[in-house]
Amino acid sequence: MENKSRITINVSGLTFKIRRDLLLEKPETYLGHIAMKTCASEEDPDLWIDRPLDSFHAILNFYQTGEFHMPPTICPNAFKRELDFWRISLWMTWTKKSKFLQQQAKLELTDDNGKRRVRSQIWRIIDNREKSIGAKIFLFVGISFVLASAVTMSINTLPQHRRFLTPCEMQKFYKDDYNNYVEEEIQFLSVPCNHIRIYDDRIEVQDVDGNFTKPDSLPTFTIKNEAFMMVEYITTAFFTVELLFRLLCCPSLTEYFMSWINLADIISLIAGYMTIVVFAITENHQQIVMKDVLEHLQVLRMLRLVRYCQHFSTIQVLKFSMKQNFRDLLVLLLYLGIGILIFANIIYLVENNPKLNNIPQAWWLGIITMTTVGYGDVTPVTATGKAICGVCAISGVVLISIILPIFVDSFLTLYGIAQLNLTAYRKQSNGVVVNTDNAKVTPQKISTISWN
């Protein structure tokens with residue numbers, strides 16, 4: 001029997017004919033298994049299967065084109081049951097995850113080495129690659145430390161939670177670093193230094209009658225509270241220990257340092273150490289000089305949340321959806337950009353508004369109008385300008401409502417499938433053949449599938 005003979009399949013009363021060789025390319029599936037068993041038959045088999053017809057159209061398309069599309073009219077749970085019946089594993093046939101298989105295979109390369117097994121297990125926990133209790137506890141603790149660091153940094157920017165410099169520290173600061181207020185400095189430095197007392201002329205004072213006494217023109221500075229610095233010490237110590245474990249247990253240091261998330265994590269840790277060092281080895285009044293630089297570097301702490309959340313199924317589906325719909329999103333941005341340029345130039349020409357005295361300012365008005373944000377800081381004043389902005393806003397709504405649902409539909413579909421296939425996904429992560437003779441990783445042969 002030639003492999004190009006056809007097999008007849010009757011599904012819910014509708015007859016389909018498909019070439020045998022297409023089914024033989026996927027022998028692990030239900031139809032592929034039947035095609036292999038009937039190769040020696042002299043007649044083409046005629047199958048009668050009572051299954052939903054809508055799902056079978058997608059499955060037949062998978063055999064014919066190698067592309068897999070979930071019908072929008074079918075709920076993910078019902079579609080998952082159909083995949084189980086036809087013996088099609090979604091994650092096993094996802095070749096775009098081959099990089100994941102290679103990474104997981106490196107973790108499985110134990111070669112009966114207890115040390116490697118321990119490293120692999122630690123890496124799975126600290127990198128949140130498994131759903132064990134230990135991994136969940138570590139994830140909770142890690143996110144808690146990140147949030148504690150973020151809250152501390154935020155509260156520390158409030159003036160009421162910062163400490164004023166004592167008069168002695170003020171005198172040292174003016175002697176060392178400040179020369180803009182010479183007369184005020186001379187007057188202030190002539191007052192005896194006292195670590196406890198704060199002079200009334202340094203702050204705004206209100207008497208019993210409600211009258212205010214304005215402070216002198218000499219600036220008053222504040223520094224971090226020591227209690228918040230203790231929180232920074234603790235969080236920095238935790239992140240340092242975590243980084244050491246990551247470097248010791250990661251499968252490949254080269255790939256580790258190739259990740260921008262890991263590099264950002266290291267940079268934020270260095271910034272934390274810079275803050276601690278400056279706080280420890282310098283006088284309190286000298287910290288003001290580097291305050292702005294250090295506070296900007298502290299913002300990098302927030303990037304740790306990205307690293308902790310990168311293996312969440314929702315984040316992975318979002319990243320994959322953005323990659324798959326990159327062209328659609330690019331078209332959306334292109335249309336928005338063209339609309340902004342056109343409307344901004346027209347508004348600049350027709351508006352006699354001092355807030356729109358240049359085209360870049362009109363760009364800003366076009367952006368907040370087409371995206372329907374409308375901050376209100378820049379508004380048209382003429383009737384013509386208002387009419388143009390109205391057309392601009394309607395155009396933005398139409399563009400976004402037409403193109404954005406394509407991305408949303410893709411995300412919801414993939415997310416529903418991902419939630420139903422987490423168990424199969426974890427099983428596939430262990431289905432990797434490791435050749436321990438030459439220490440080369442060879443994933444099992446899987447079928448081809450692409451997502452569009």
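Before moving on, here are some points about what is shown:
- Applying 1/(1 + (r/R0)^6) with R0 = 30 Å to the Cβ-Cβ distance of residue 241 and residue 318 gives a FRET efficiency near 0.50.
- Amide H within-cut-off set for residue 6, under 5 Å, with H built and near neighbours excluded: 20
- Rounded to the nearest 20 debye, the dipole magnitude of region 6-88 is 140 debye, with +1 charges on Lys and Arg beta carbons, -1 on Asp and Glu beta carbons, and the Cα centre as origin.
- For residue 229, neighbours were defined as the other residues whose beta-carbon sits under 13 Å from its Cβ, and their charges (Lys and Arg +1, Asp and Glu -1) total +1.
- Members of 37/319; 80/131; 323/386; 80/115; 37/80 lying beyond 32 Å, as alpha-carbon distances in this model show: 37/319; 323/386; 80/115
- All other residues whose Cβ lies under 10 angstrom from that of residue 63 are scored, Lys and Arg at +1 and Asp and Glu at -1, for a net of +1.
- Beta bridges assigned by DSSP with both partners in region 6-88 are antiparallel in approximately 60 percent of cases.
- Amide H contacts under 5 Å for residue 16: 9, 10, 11, restricted to partners 5 or more places along the chain or on a different chain, H placed in the peptide plane at 1.01 Å from N.
- Full-stretch length increase - residue 267, residue 37 - with 0.36 nm per residue and alpha-carbon distance subtracted: 76.9 nm
- Least to most buried among 389, 39 (fewest other Cβ within 10 Å first): 39, 389
- Less than 5 angstrom separates the built amide H of residue 68 from those of 450, 452, all sequence-distant by 5 or more or on a different chain.
- Ranking of 9, 261 by count of other Cβ atoms within 10 Å, fewest first: 261, 9
- Taking θ as phi - 60° and the Karplus parameters 6.51, -1.76 and 1.60, the scalar couplings of region 337-353 work out to x, 5, x, 4, 5, 5, 5, 5, 5, 5, 5, 4, 6, 8, 8, 10, 10 Hz in sequence order, x denoting glycine and proline.
Since every read-out is calculated from the coordinates, none of them should be taken as a lab result. Everything quoted here is computed from the prediction, not taken from an experiment. Every residue, glycine as well, gets a Cβ built from its backbone with ideal geometry; the counts of neighbours run over all protein chains shown.
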